[in-house]
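Reading through the structure tokens given below for one structure.
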Amino acid sequence: MSDGASIMEYSGTHQAFRNSWASTDHEMCRHSMSFHLHTTLRKEFFASYLHLLEQTRIVKLYAVTCEYIKGEKQFYYRAQKFYEDVPASEEGMMGDFVELSEVDLEGSRQFLKKFVGGPGKAGTKRALDCGCGIGRVSKGVLFPIFETMEMADMMEEYLLHAHEEYLGDYADRVESYYCYNLKDLRLSLRRYDVVWIQWVACHLTDKDLMDFLVRCKASLRPNGVIVIKDNMARQGCKLDPVDSSIIRHLDIMKGIIQKAGLEVLDVVKQEGFPEVMVPIWMIAMR
Ligand SMILES: C[S@@+](CC[C@H](N)C(=O)[O-])C[C@H]1O[C@@H](n2cnc3c(N)ncnc32)[C@H](O)[C@@H]1O
């Protein structure tokens, strides 16, 4: 399906969609909500359609991610609302599994050791913690290794709590806090030895995650590494409409990583979590 000749097979279908939508364009009021929704749906549809033609294993959950509320994609708006009710605490960050926090942190420390410090490995000057929340990972994994840190999260309350309480003396070594949705976060070039993305890749749509990874790649210093740690579905993709997160099968995540032009260096499953829970994987890439 990926060669030019096969794509031509789809040109009839493509043209039929164009024709049918052309008439709708004339009939609908340009300022109406339905016109807006229609145009968004069409854009998302064609993006998915192209991905299918390219046989890219990117799953578009457009039915739930295309609608806008107050100028925000509903997908992101829901996540924002969800975290407004989540306390700025380790319990809040771990979603009621706070007793597993130390197991998680130890798994991360062991994984990170493989890529940092030493010839041919990443340096220890500066790391970026993405979707850092109150800084649980920064405090338990990154500060003991890196001279300085930068931290990014969409919730101002968490960043304030990190700075004023949770990080204690470590707060003096934070160069910048970025209060941004990662889909809008722009990064300086060649700045970080490690970019850590834990339990937040699931809150980005496929396209936004892919674009963010492209920016992360450009932000790496020599031998720098990006780590994604997240819940991965045992099969396919699953959307949780409550916190607006998508769990993806490891292969789907690898597809997004590859599309972003990154090479996977290592993939390790986090041990020590109950079998009934969704598996957690760590992926290192550059
Ligand atoms: C489950 S918590 C994990 C926090 C931290 N990574 C940890 O492991 O302790 C998810 C965090 O991601 C943040 N978040 C969710 N969606 C985001 C987005 N689109 N951009 C930036 N931060 C986001 C939330 O505010 C929250 O702090």
Gain upon complete extension [HIS38, ALA16; 0.36 nm per residue less C-alpha separation]: 6.3 nm
Derived scalar couplings ³J(HN,Hα) [the stretch 95-110; Karplus, 6.51 cos²θ - 1.76 cosθ + 1.60; whole Hz; x for Gly, Pro]: x, 6, 10, 4, 5, 9, 4, 5, 4, 4, 5, 5, x, 5, 4, 5
Using a Förster distance of 41 Å, the FRET efficiency for GLU157-GLN110 (Cβ separation, nearest 0.05): 0.85
Heavy atoms of HIS38: accessible area, 1.4 Å probe, square angstrom to 10: 30
In Å², nearest 10: area of ARG234 left accessible to a 1.4 Å probe: 140
Net dipole in debye of the stretch 206-286 [+1 Lys, Arg Cβ; -1 Asp, Glu Cβ; about Cα centre; nearest 20]: 300
Dipole of the stretch 81-285 [Lys/Arg +1, Asp/Glu -1 at C-beta], most positive-end residue of GLY120, ASN181, ALA88: GLY120
Spacing of the two label points (7 Å from each Cα toward its C-beta) at SER176 and SER89, in nm: 3.3
5 angstrom amide H check on VAL116, placed H, neighbours 5+ away: ALA122
GLU157, GLU150, GLU271, ranked by accessible area, largest first (probe 1.4 Å): GLU271, GLU157, GLU150
Gain upon complete extension [GLU165, GLN258; 0.36 nm per residue less C-alpha separation]: 29.6 nm
Residues whose placed amide H lies under 5 Å from that of PHE97, excluding near-sequence neighbours: none
Pair-distance profile P(r), taking every C-alpha pair of the stretch 81-285, with 5 angstrom steps and integer %: 1, 7, 16, 21, 23, 19, 10, 3, 0
Long pairs among LYS73/LYS114; LYS81/LYS114; LYS113/LYS259, criterion Cα-Cα beyond 31 Å: LYS73/LYS114; LYS81/LYS114
Efficiency of FRET from Cβ geometry, ARG190 and GLN74, R₀ 35 Å, rounded to 0.05: 0.45
Per-residue ³J(HN,Hα) for the stretch 241-248, Karplus 6.51 cos²θ - 1.76 cosθ + 1.60, θ = phi - 60°, Hz, x for Gly and Pro: x, 6, 9, 6, 10, 10, 9, 10
Paramagnetic label zone (point 7 Å from Cα along Cα-to-C-beta, GLU271; backbone N under 16 Å) in the stretch 202-241: none
Mean projection area, nm², convex hull over Cα of the stretch 209-286: 5.7
Karplus-derived HN-Hα couplings along the stretch 82-88 (A = 6.51, B = -1.76, C = 1.60, θ = phi - 60°), whole Hz, x at Gly and Pro: 4, 6, 4, 9, 9, x, 7
Amide hydrogen neighbours beyond the local backbone of VAL195, cut-off 5 Å, H modeled: LEU128, VAL225, ILE226, VAL227
Heavy-atom accessible area ranking, 1.4 Å probe, most first, across CYS130, CYS29: CYS29, CYS130
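The values are calculated or read from the model by the stated rules, or taken from the named source; none is laboratory data. As the structure is a prediction and not an experimental result, all values here were calculated from the model. Glycine also receives a Cβ, built like all others from the backbone with ideal geometry; neighbour counts cover every protein chain displayed. Protein only, heavy atoms only, side chains kept; ligands, DNA and RNA dropped before computing areas. Shrake-Rupley method; radii C 1.70, N 1.55, O 1.52, S 1.80 Å.
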